[in-house]
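The values are calculated or read from the model by the stated rules, or taken from the named source; none is laboratory data. Quantities reported herein were computed from a predicted structural model and do not represent experimental measurements. A quick note on method: Cβ atoms are made from the backbone with ideal geometry, for glycine too, and the neighbour counts reach across all protein chains shown.
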Amino acid sequence: MLKSLFSSSIRADVLSLLLNSPDEKFYMREIAKLLRKNPSGVKRELDKLEEMGIVFSEKVANLKYFQANDNSPLYSELKNLIAKSLGLPGALKSLLRANNVTIAFIYGAYAEGEDAPTVDLIVIGPSTPSLWFGLKDIEKKFGKQINCSVIEESDYKVRKKKDISLKRILSEKRITLLGRA
């Protein structure tokens, strides 16, 4: 079972996406786009994960939606294993991709390499309830408080040129999670 579970990097990425967004349903091409992977490879891995009972699907009209199966006996263990293997930045990246964030980065003490109790995060993109629930979940898992500032993409372009505090943050060391700031 373990050999078949971790035999592919695509499978690991799919598991990461679905387990870090357990209440979200994704269709196959959406998953491929979010993960920047070949749709046929994603489809193959989703089918295998469904056979194992780790994910389930639901057909709505002509789309087949996939979701993590939180009733699977492996669910909580896999979720913890994924979180540990990805670390805090990896868990954040997976959550942010699932929420259609275009640009995101960590700045401040954590980005400087300190073992800070607080992680400062800037997210450029939509503010969704699933993003905030996911951040709370990551806070619990990693024992860190996450200070997240969400800026709409159009507002970011203006603030990037005029906002002195944002210019200062952009000039400091940071950990880029998605896109280019």
Kindly provide the set of residues from region 63-81 that are outside any loop (DSSP other than H, G, I, E, B) and either β-branched (V, I, T) or over 19 Å from A91 (Cα atoms) (or both), ordered by number.
L63, K64, Y65, F66
Across region 89-100, the tally of residues that are crowded, with 20+ Cβ neighbours inside 10 Å, part of a helix (DSSP H, G or I) and not charged (D, E, K, R) stands at 6
Determine whether region 85-97 contains at least one residue that is under 18 Å from the mean Cα position of the chain (by Cα) and more than 26 Å from E153 (Cβ to Cβ).
yes
Filter result for K93 (farther than 30 Å from I31 by Cα and basic (K, R))
no
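Condition check ((1) among the charged types (D, E, K, R); (2) at pLDDT 85 or above; (3) closer than 24 Å to I175 by Cβ) across all residues:
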position: I31; (1), (2), (3): no, yes, no
position: K37; (1), (2), (3): yes, yes, yes
position: K43; (1), (2), (3): yes, yes, no
position: K59; (1), (2), (3): yes, yes, no
position: L63; (1), (2), (3): no, yes, no
position: S76; (1), (2), (3): no, yes, no
position: L81; (1), (2), (3): no, no, yes
